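Below: one structure, written as structure tokens.
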Amino acid sequence: EAGVAQSPRYKIIEKRQSVAFWCNPISGHATLYWYQQILGQGPKLLIQFQNNGVVDDSQLPKDRFSAERLKGVDSTLKIQPAKLEDSAVYLCASSFAGVYEQYFGPGTRLTVT
Amino acid sequence: AQSVTQLDSHVSVSEGTPVLLRCNYSSSYSPSLFWYVQHPNKGLQLLLKYTSAATLVKGINGFEAEFKKSETSFHLTKPSAHMSDAAEYFCVVSDQDPGGGADGLTFGKGTHLIIQP
């Protein structure tokens, strides 16, 4: 079974630029999550989708971050404009609806200079 | 509300000796608890999970954890450490609310496990 795919794996941008990350979950997984992991910390949930609807985005900085999951499969996370403190690894995870085990992708390491 | 406290930021043990990584949690409802491992430049991998079945949970690579509700703890143990166990370990909680929905995962800050030869 193919795992969660993410791209790009690495991205370096200057502050105030925009950036987008892509995630393809495991086939059949209705629930998709985006996490932010700052160096030295545990991942923090940014947004949770159930199919193509948002379940929880309470920790998403909505003035600069946006996410969508068209057709309930792939998802994109965008940052516009980026700040230095956005430097982190952005992790995508997926799970079957109602089942707690989440499968994580390899992450995208973002560096904002 | 849910939260996790990992009591040690770093743990160092000698190869072949027991490993103990400590975790305390708080939750409003019925928690599910997990341990994830993250090797350098690798994705997060699930070690084991507790979801209200047996309180002693066995995971991969010889790890196990015991859910103790009275102590709100979910400590991770392994009888004999191997060099390949060196990694970052995260204790994680997810609440299930009375409506049956599962919250997103709340991670602890992580424990860095160092294995001395």
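Overview of results
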read-out: Compactness relative to 2.2 N^0.38 Å, alpha carbon Rg of region B:3-116; value: 1.03
read-out: Descending principal axes extents, the protein assembly as shown, alpha-carbon based, whole Å; value: 49, 43, 33
read-out: Computed magnitude of the charge dipole of the protein assembly as shown (debye, nearest 20; Cβ of K, R +1, Cβ of D, E -1); value: 500
read-out: Accessible area buried between chains B and A, both sides summed, probe 1.4 Å, in Å² to nearest 100; value: 1400
read-out: Å² per residue, accessible surface of chain B at 1.4 Å; value: 48
read-out: Reference-scaled alpha-carbon Rg (2.2 N^0.38 Å with N residues) for region A:30-108; value: 1.05
read-out: Chain A: most fluctuating residue of A:Leu45, A:Leu84, A:Leu60 per GNM, C-alpha cutoff 10 Å; value: A:Leu84
read-out: Beta bridge orientation in region B:3-116: antiparallel %, DSSP, nearest 5; value: 90
read-out: Charged-residue dipole, Cβ positions (Lys, Arg, Asp, Glu), chain A about Cα centre, Debye nearest 20; value: 380
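The values are calculated or read from the model by the stated rules, or taken from the named source; none is laboratory data. Because the structure is predicted, anything quoted here is derived from the model rather than measured. Neighbour counts are summed over all protein chains in view; Cβ atoms, including those assigned to glycine, are modelled from backbone coordinates with ideal geometry. All accessible areas refer to the heavy atoms of the entire protein, side chains included, with ligands and DNA or RNA removed. Shrake-Rupley method; radii C 1.70, N 1.55, O 1.52, S 1.80 Å.
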